[in-house]
Amino acid sequence: MMRTIKYLVTEGLPITFIVFYSVGLALYFTPFTHEMFKHITPYSLVLVAAAIFSQHKKWDVKTVVVLLGIFVMGIAAEIIGVATGKLFGVYNYGSGLGVKIANVPVVIGLNWVFLVYTSNCIMTRYTSKNYLIIIGASLLMIMYDIVLEKAAPLMDMWEFSSNEPPIDNYIVWFILALIFNWAIQYSKVNTDNRSARWLFFSQFGFFIAIVLHNMFF
């Protein structure tokens, strides 16, 4: 039993992520557990982020500084965005992401770190050219965000005043994604992490399932 658990939290993390998000969908789709699902969402984000970073191959001061910088800059951009409506459009966070600082959930900073790290990880598997990794990872983040913007209101994470995010949202997302991925590449942070790639696609598929369910049921 202990060997199985150890496997699922190390080499077997991809399987664990698939099971984890399948259970999450079951909780979301079941009326009796729907509210519970919303309450545990921020904790699940912290849990899966901890899981992939436990598999990071080389922790050093440089890596910590870069990832912490992305966390802080991501939160700062969101705080400015919510307060002014100038960066991403006019939007507000709901209660689905837990504790907030200046009306922005703390886990949003972690979400920026997660997305940059995992998208960068995916691209480094297919090319070693910095400019292709930076652009490709940023495009992956935009693709992810397009789906996430549809799922977010359904999960009480955030919602735009006009129901749909303006084009500014995607432009600023892309610019920030380019900056953050450039920082990863310039600092030579090693994002080679098999579990991170699986988590990106598991979570992406999870949001797609929620959006499709809302469209057809």
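Some observations on this one:
- Taking the Cα centre of the range 2-216 as reference, the dipole from Cβ charges on Lys and Arg (+1) and Asp and Glu (-1) amounts to some 820 debye.
- Ordering GLY94, ALA77, LEU199 by the projection of their Cα atoms onto the charge dipole of the range 2-216, which places +1 on the Cβ of Lys and Arg and -1 on the Cβ of Asp and Glu, puts LEU199 at the extreme positive end.
- Over the range 147-217: Kirkwood hydrodynamic radius from C-alpha pairwise inverse distances, Å: 14.5 Å
- Annotation: the residues ASP168, ASP60, sorted from fewest to most other C-beta atoms within 10 Å of their own C-beta, follow the order ASP60, ASP168.
- Charge tally around LEU87: other residues with Cβ under 9 Å, Lys/Arg +1 each, Asp/Glu -1 each, net -1.
- Near PHE17, once Lys and Arg are set to +1 and Asp and Glu to -1 for all other residues with Cβ below 12 Å from its Cβ, the sum equals +2.
- The average projected area of the range 116-173, computed from the convex hull of its Cα atoms over all directions, is 4.4 nm².
- The chain, relative contact order in percent, only Cα pairs under 8 angstrom and at least six apart counted: 29 percent
- Using the alpha carbons alone, the radius of gyration of the range 2-216 stands to its Kirkwood radius in an Rg to Rh ratio of 0.95.
- Debye log10 I(q)/I(0) at q = 0.10, 0.16, 0.18, 0.21 Å⁻¹ for the range 1-120, Cα point scatterers: -0.40, -0.94, -1.10, -1.25
- Backbone amide hydrogens, once placed in the peptide plane, bring TRP158 within less than 5 Å of GLY94, excluding anything fewer than 5 places away on its chain.
- Computed over the Cα atoms of the range 67-171, the ratio of the radius of gyration to the Kirkwood radius (Rg/Rh) comes to 0.98.
The numbers here are math on the coordinates, done by the rules we state, and not lab data. Predicted model only: the values in this text are computed from it and were never measured. Cβ: placed from backbone, ideal geometry, glycine included. Neighbour counts: every protein chain shown.
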